[in-house]
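**Student:** Before we start, here is the structure in question, set down as structure tokens.
The values are calculated or read from the model by the stated rules, or taken from the named source; none is laboratory data. Just so it is clear, the structure is predicted and the values come from calculations on it, not from any experiment. Neighbour counts run over all protein chains shown; Cβ positions are idealised from the backbone, glycine included. The protein model used for the area step is the full one, side chains on, heavy atoms only, and it has no ligands, DNA or RNA in it. Shrake-Rupley method; radii C 1.70, N 1.55, O 1.52, S 1.80 Å.
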Amino acid sequence: MLSRLFNKLDILLIKAFVGPFFATFFVTLFVLVLQFMWLYIDDFVGKGLDTFTVMRMLLYVAATTVPLALPLAVLLSSIMTLGNLGETYELVAIKSAGISLLRFLRPLFIVTIGITLIAFYFNNSILPLANLKMNTLKYDIIVSKPAFAIKEGVFYDKIEGFVIKIGKKERDDSTIRNVVIYEQNNGGNQDNMIIADSGTMVVSPDKQSLVFTLKNGSRYQEKGDRSVNSGTDLIRMAFKTYKKVMDLSSFRMNKTDDSTFKSNFQMLSINKLGHAIDSMKKSNESYAQQMERTISSALRFPPWMDTTGWADIEKAPKPSKYLMSIDSARDSLRKDWTVALKAQDSTDRAHDSIQKKQDSIRKAQEALAKAKANAAGGHPTPPPTASPNNAGARVPKTAPDPQFYDLLPDSIRTQVLDRAIGAIAVAKNGIIQPSAFYDAEKHQLLMHEEAWHEKITMAVACLVMFVIGAPLGSIIRKGGIGMPLVFAVIFFVIFFLLNNFGKKFVGQEVMTPLAGMWMPTYVLTPIGLFLVYKALNDSQLFNKEFYFRLTKKIRPLFASRRRQAPQKT
């Protein structure tokens, strides 16, 4: 009997959940499609798109917004379902029958797991194809020319090779008057011109040509080489009827092959993304090895950079015929250090002497100012104080140890420095191109890893939204659209912002793709578990009466403290 009762409750709960889910899903889908059209409305309007192309575009856009619409639909529908049951006290009756909240939510949890699996399948299999079709069609629409439209009194130059001006168009939009047509040659010069009093302008049935039938006009043509001083010939031909055909094939929207965008990370499934990530990692390793080989071949000193190589130089009395002995270099440095130390001591003594004289002058000025102030009966004005001189770089207290530069004799020091600068320049020029390839490949690697994680996180988001929405609905106990919509929008905005922040942080290499793309999950999941805990304990978290009673209890405490406080005179 209990199992039959539970089965009926499960079916009742699922039916109460499915209706709001589909309603909120399609409403969210509609809003997201409107947002896309609002962004690209300037690129679509005026292109003469047919109804089939527009419907295809809307279908592809709707498919690409499904991963974002599913979590919001799960969140809002779960809040509405549990809120309606709580508002009509059905949830109280179920709990009084001994059925726990977790057992009651089990069928919805199973349904949400199914939605999560469907979302993952959609993200992995259907979404890449939808992104490919949408981006290809969007590119074709954006690069296509605006629809053919010639206005009165305006020069129209969208038809290649011609500039057209029409003085007046009749209501039938076909009869035209005061027509001027300039024809451009290959060099861009307007050598030919047609002027007519009237005529007709008709687009061919296949929309591939524009046919002008002109009446009572003239055609002017200039022939000859303008660069030659012999001049050119002007030919004038009058006509009663003249037919001119112009090609309109450039206004037709061309169809780009899908393979143009096929390699983009948004058009790949999880398996293809994994293969692409592995190949990119190998490419980056090859670029790093190439840069290491270039630096090793250009710079010969890396073997001497460890402590062992310098220790050999210090042990040897004269390690090379091109280098001074380390003792000679040390003696030379000590002599320079002694001279500098003596100069610094003399400078310090002179500075101290000047400071003492300045102190005595200042004291005398203070005494004089005090005497004048006493005579005048006022306050003495302090004399200006001299700012101390800024001391330069101090000579160290001990003689410095010789470096490699100090072992070079003066005769070859310039030559060694020039060769070192040249070697560094060669190494730098050798790693510029591999370094650029490495940076570009690294950025693409991050984008591919981000897309790989996003296919999973957007599916798991449905489960996270249910963990938040179900206990939240049982706590607020409000059905309908008002209160559930407010909480759903708040949590969805938090999810959306965290998801976008994660993408930004991954693109700027602030966070790894694993940490950045899973940030909404590990931030919102503890909130959902906290709400589950509150719902299991019948929390008054969002009950206005609870906070009103709590304020009523706290208010006497503040009043008693105010009475006990000492009165300020």
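**Student:** If residue 59 passes every condition in (1) farther than 30 Å from residue 150 by Cβ; (2) open to solvent by less than 60 Å² (accessible area, probe 1.4 Å); (3) not acidic (Asp, Glu) but one, which one does it miss?
**Tutor:** (2)
**Student:** Between a residue in segment 420-443 that is over 16 Å from residue 289 (Cβ atoms) and any residue that is not in a helix (DSSP H, G or I), which pairs come within a Cβ distance under 8 Å, given they are 6 or more apart or on different chains?
**Tutor:** 423/299; 423/300; 424/299
**Student:** Consider segment 324-338. How many of its residues are aliphatic (A, V, I, L, M) and surrounded by fewer than 13 Cβ atoms within 10 Å (Cβ to Cβ)? It would help to see each step written out before you state the result.
**Tutor:** Restricting attention to segment 324-338, the residues satisfying the condition of being aliphatic (A, V, I, L, M) are 324, 326, 329, 333.
Checking which are surrounded by fewer than 13 Cβ atoms within 10 Å (Cβ to Cβ) leaves us with none.
Summing the residues that are aliphatic (A, V, I, L, M) and surrounded by fewer than 13 Cβ atoms within 10 Å (Cβ to Cβ) in segment 324-338 gives 0.
**Student:** Considering (1) surrounded by fewer than 12 Cβ atoms within 10 Å (Cβ to Cβ); (2) assigned to a helix (DSSP H, G or I); (3) modelled with pLDDT under 80; (4) under 60 Å from the mean Cα position of the chain (by Cα), say which one residue 341 fails and leave the rest.
**Tutor:** The failed condition is (1).
**Student:** For segment 423-481, enumerate the residues that are of a type in the set (Gly, Ala, Ser) and surrounded by fewer than 22 Cβ atoms within 10 Å (Cβ to Cβ).
**Tutor:** First, pick out the residues of segment 423-481 that are of a type in the set (Gly, Ala, Ser): 423, 425, 427, 430, 435-436, 440, 451, 459, 461, 469-470, 473-474, 479-480.
Residues satisfying the conditions are 423, 425, 427, 430, 435, 436, 440, 479, 480.
**Student:** If you go through segment 177-215, how many residues are acidic (Asp, Glu), open to solvent by 60 Å² or more (accessible area, probe 1.4 Å) and modelled with pLDDT of 80 or more?
**Tutor:** Narrowing segment 177-215 to residues acidic (Asp, Glu): 183, 191, 197, 206.
Those left that are additionally open to solvent by 60 Å² or more (accessible area, probe 1.4 Å): 197, 206.
The next check asks that each one be modelled with pLDDT of 80 or more; those that pass are 197.
Here the count works out to 1.
**Student:** I've got another one for you. With the condition kept exactly as written, say whether any residue in segment 390-411 is touching a His at 6+ places or on another chain (Cβ under 9 Å) and modelled with pLDDT under 65.
**Tutor:** yes
**Student:** Could you identify the single residue in 560, 539 that is of a type in the set (S, T, N, Q), open to solvent by 20 Å² or more (accessible area, probe 1.4 Å), modelled with pLDDT under 90 and closer than 30 Å to residue 90 by Cα?
**Tutor:** Values: 560 fails: closer than 30 Å to residue 90 by Cα.
Testing whether each residue is of a type in the set (S, T, N, Q), open to solvent by 20 Å² or more (accessible area, probe 1.4 Å), modelled with pLDDT under 90 and closer than 30 Å to residue 90 by Cα leaves just 539.
**Student:** Out of 218, 174, report the one residue that is under 24 Å from residue 153 (Cβ atoms) and either at pLDDT 85 or above or among the hydrophobic types (A, V, I, L, M, F, W, C) (or both).
**Tutor:** Of 218, 174, the one residue that is under 24 Å from residue 153 (Cβ atoms) and either at pLDDT 85 or above or among the hydrophobic types (A, V, I, L, M, F, W, C) (or both) is 218.
**Student:** Can you tell me how many residues in segment 98-113 are open to solvent by 30 Å² or more (accessible area, probe 1.4 Å) and either in contact with a Ser or Thr (Cβ under 9 Å, 6 or more places away or on another chain) or part of a helix (DSSP H, G or I) (or both)?
**Tutor:** Residues that pass the stated criteria total 7.
**Student:** OK, next. Closer than 30 Å to residue 334 by Cβ and among the small types (Gly, Ala, Ser): which single residue out of 399, 425, 440, 459 fits that description?
**Tutor:** Details: 425 fails: closer than 30 Å to residue 334 by Cβ; 440 fails: closer than 30 Å to residue 334 by Cβ; 459 fails: closer than 30 Å to residue 334 by Cβ.
Going through 399, 425, 440, 459 in turn, the sole match is 399.
**Student:** Considering (1) touching a helix residue (DSSP H, G or I) at 6+ places or on another chain (Cβ under 6 Å); (2) modelled with pLDDT of 80 or more, say which one residue 145 fails and leave the rest.
**Tutor:** (2)
**Student:** Is there any pair linking a residue in segment 121-132 that is open to solvent by 40 Å² or more (accessible area, probe 1.4 Å) to one that is assigned to a helix (DSSP H, G or I), with Cβ under 7 Å and at least six apart or on different chains, and which?
**Tutor:** 126/63
**Student:** In segment 485-519, how many are more than 27 Å from residue 84 (Cβ to Cβ) and either surrounded by fewer than 21 Cβ atoms within 10 Å (Cβ to Cβ) or not small (Gly, Ala, Ser) (or both)?
**Tutor:** Residues meeting the conditions: 21.
**Student:** Follow-up question, since we're still on this one. Is it the case that some residue within segment 65-84 is among the hydrophobic types (A, V, I, L, M, F, W, C) and surrounded by fewer than 15 Cβ atoms within 10 Å (Cβ to Cβ)?
**Tutor:** No, every residue in segment 65-84 fails to be among the hydrophobic types (A, V, I, L, M, F, W, C) and surrounded by fewer than 15 Cβ atoms within 10 Å (Cβ to Cβ).
**Student:** Looking only at segment 58-94, filter to residues that are among the polar types (S, T, N, Q) and out of contact with any helix residue (DSSP H, G or I) (no Cβ under 6 Å at 6 or more places or on another chain); which one of those is farthest from residue 118 (Cα to Cα)?
**Tutor:** Top of the filtered list is 88.
**Student:** To continue, here is another question. Show me the helices (runs of 4 or more DSSP H) entirely contained within segment 1-94 in which 1 or more residues are within 22 Å of residue 481 (Cβ to Cβ).
**Tutor:** So the answer is 2-44, 66-87.
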